[in-house]
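**Student:** Got a structure for you, written out below as structure tokens; questions coming shortly.
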Amino acid sequence: MAPVFDSCAVVPRHLTVEQAHNILRIHNTCPPDQCLRRKAALFFLMESRRADRGTVGRRLPGSPPRTRGLS
């Protein structure tokens, strides 16, 4: 059983990128529309990526490599 502070219903107020990724790993089977913790982590990562213009076009760590279509 997960600790109370890691419950799906407990929404973190302040996150770091590392914490958000940890939440996504722990709550990887939770549907984002039902798990407030996962939803907050996803939102944080999307917002932080938008705010950091230096990451435009780059992949998040651990994401699969991009493939190009054959043309």
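**Student:** If the chain between N28 and R49 were fully stretched, how many nm would it gain, using 0.36 nm times the residue separation less the Cα-Cα distance?
**Tutor:** 5.6 nm
**Student:** I'd like the accessible area for L45: 1.4 Å probe, protein heavy atoms, all chains in place, Å² to the nearest 10.
**Tutor:** 10 Å²
The values are calculated or read from the model by the stated rules, or taken from the named source; none is laboratory data. Source: prediction; values computed, not measured. Remember, those area values only see protein heavy atoms, side chains included, never the ligands or the DNA or RNA. Shrake-Rupley method; radii C 1.70, N 1.55, O 1.52, S 1.80 Å.
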